[in-house]
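S.K.: The structure follows.
The values are calculated or read from the model by the stated rules, or taken from the named source; none is laboratory data. The structure presented is a predicted model; accordingly, all values stated were derived computationally and were not measured. Cβ placement follows ideal geometry from the backbone for every residue including glycine, while neighbour counts extend to all protein chains displayed.
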Amino acid sequence: MKKKKRDNIFGVLFAMSPLVGFALFGVLPLIFSIVLSFGNLPTYNLLDIEFCGLDNYIRIFTEDAEFGQSIGNTFLYSFITVGGTVVISLIASLFLNKIKRGGKLIRIILFIPYVCSVVATSTMWKWLFDYNYGVLNDIVEFFGMTRVNWLGEAATAMPIMILMSIWGGLGYNMILYSAALNSVSRTYYEAAELDGAGSIKQFFSITLPMISPTTFFIMVMGFIGALQSFANFQVMTPSGGPDGTTWTMVFRVWYVAFVEDSYRYGMGYASAMSWIVGGIVMIFTAIMFGLSRRWVNYDV
């Protein structure tokens with residue numbers, strides 16, 4: 001009995017360790033950020049908080065044009081990135097599933113960027129598009145053209161970020177699609193061929209509906225990640241890019257908290273912004289789940 005009681009005590013203690021860590025580094029900061037969003041913290045001393053009611057939220061919706069711009073930039077980036085990744089990874093998976101030799105090697109090569117550090121890959125892309133030392137500008141100059149400030153021009157900065165993100169997520173999504181395509185039973189295609197359906201008809205009537213749960217998963221996780229994009233934008237365009245064209249919501253929150261408004265409004269205003277970002281992500285995710293009932297097929 002004593003041994004069993006002792007084992008139970010140790011079991012509870014070991015089970016509590018992750019819960020205590022989550023409470024200290026998850027729940028408490030979450031609660032504090034809610035409280036802080038209704039005040040200002042001009043210093044890093046938590047006792048210096050100055051409550052201001054809803055002033056932070058009112059200022060966001062009435063005065064902060066940059067944050068409004070960051071919302072638009074984030075959704076533009078998210079839709080194009082996720083949509084492009086879904087389409088390209090699906091096409092690549094269909095192509096690689098038909099290759100008998102070299103398909104695994106190509107998948108491994110395309111998967112490498114996903115497991116690499118975001119900071120490392122962003123730094124690599126920044127060097128690639130650097131105005132003075134970038135490889136791309138060296139090629140441009142070799143052909144007698146003028147160097148281009150790729151990350152300093154409003155017309156090219158965001159497309160480069162989108163291109164880099166599609167490249168980075170291609171390998172992971174491609175592996176998911178490959179697994180989903182291999183799980184579709186051949187009997188569906190054989191029956192369709194007997195009915196005279198061509199390859200295009202089979203793709204839209206069989207393949208897409210059967211892999212729709214995978215597509216939905218990729219889209220949900222992709223949008224959640226894209227709406228919270230920060231590190232790649234901070235590395236490649238440290239000041240929000242030309243005319244704020246590469247501001248994202250989370251990047252703007254960080255910039256306001258630690259650079260721009262750190263001594264005027266402090267963490268309070270940034271906390272209010274972060275809760276609006278969280279609300280946007282939750283609402284958009286809920287909308288996606290609601291719409292999924294119309295096109296996601298789980299009857300496999």
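S.K.: Take the conditions assigned to a helix (DSSP H, G or I), at pLDDT 90 or above, out of contact with any Phe, Trp or Tyr (no Cβ under 8 Å at 6 or more places or on another chain) and buried (at least 20 other Cβ atoms within 10 Å of the Cβ) and apply them to GLY279. Does it pass?
M.R.: Values: assigned to a helix (DSSP H, G or I): yes; at pLDDT 90 or above: yes; out of contact with any Phe, Trp or Tyr (no Cβ under 8 Å at 6 or more places or on another chain): yes; buried (at least 20 other Cβ atoms within 10 Å of the Cβ): no.
No: the conditions fail for GLY279.
S.K.: Let me ask something else about it. Quick one: would you say SER239 is free of Cβ contacts under 8 Å to residues at least 24 places away in the same chain and assigned to a loop (DSSP other than H, G, I, E, B)?
M.R.: On the way: free of Cβ contacts under 8 Å to residues at least 24 places away in the same chain: yes; assigned to a loop (DSSP other than H, G, I, E, B): yes.
For SER239, the condition - free of Cβ contacts under 8 Å to residues at least 24 places away in the same chain and assigned to a loop (DSSP other than H, G, I, E, B) - is met.
S.K.: Please verify whether ILE106 is among the aliphatic types (A, V, I, L, M) and at pLDDT below 90, treating the condition exactly as stated.
M.R.: On the way: among the aliphatic types (A, V, I, L, M): yes; at pLDDT below 90: yes.
Criteria met by ILE106.
S.K.: Give me a count of the residues in the stretch 141-178 that are surrounded by fewer than 22 Cβ atoms within 10 Å (Cβ to Cβ), of a type in the set (Phe, Trp, Tyr) and assigned to a helix (DSSP H, G or I).
M.R.: Of the residues in the stretch 141-178, 3 are surrounded by fewer than 22 Cβ atoms within 10 Å (Cβ to Cβ), of a type in the set (Phe, Trp, Tyr) and assigned to a helix (DSSP H, G or I).
S.K.: Against the definition (surrounded by 11 or more Cβ atoms within 10 Å (Cβ to Cβ), over 19 Å from VAL256 (Cα atoms), out of contact with any His (no Cβ under 8 Å at 6 or more places or on another chain) and modelled with pLDDT under 85), how does MET16 come out, yes or no? Explain how you work it out, then say what you get.
M.R.: On the way: surrounded by 11 or more Cβ atoms within 10 Å (Cβ to Cβ): yes; over 19 Å from VAL256 (Cα atoms): yes; out of contact with any His (no Cβ under 8 Å at 6 or more places or on another chain): yes; modelled with pLDDT under 85: yes.
Judged against the criteria, MET16 is a match.
S.K.: Select from the stretch 31-53 the residues that are without any contact (Cβ under 8 Å) to a residue 24 or more places away in the chain and surrounded by 12 or more Cβ atoms within 10 Å (Cβ to Cβ) and list them in ascending order.
M.R.: PHE32, VAL35, ASP48
S.K.: Please go through the stretch 65-82 and pick out each residue that is under 15 Å from VAL256 (Cα atoms) and either among the polar types (S, T, N, Q) or without any contact (Cβ under 8 Å) to a residue 60 or more places away in the chain (or both). So that I can check it myself, show each step before the final result.
M.R.: First, pick out the residues of the stretch 65-82 that are under 15 Å from VAL256 (Cα atoms): 65-71.
The answer is ALA65, GLY68, GLN69, SER70.
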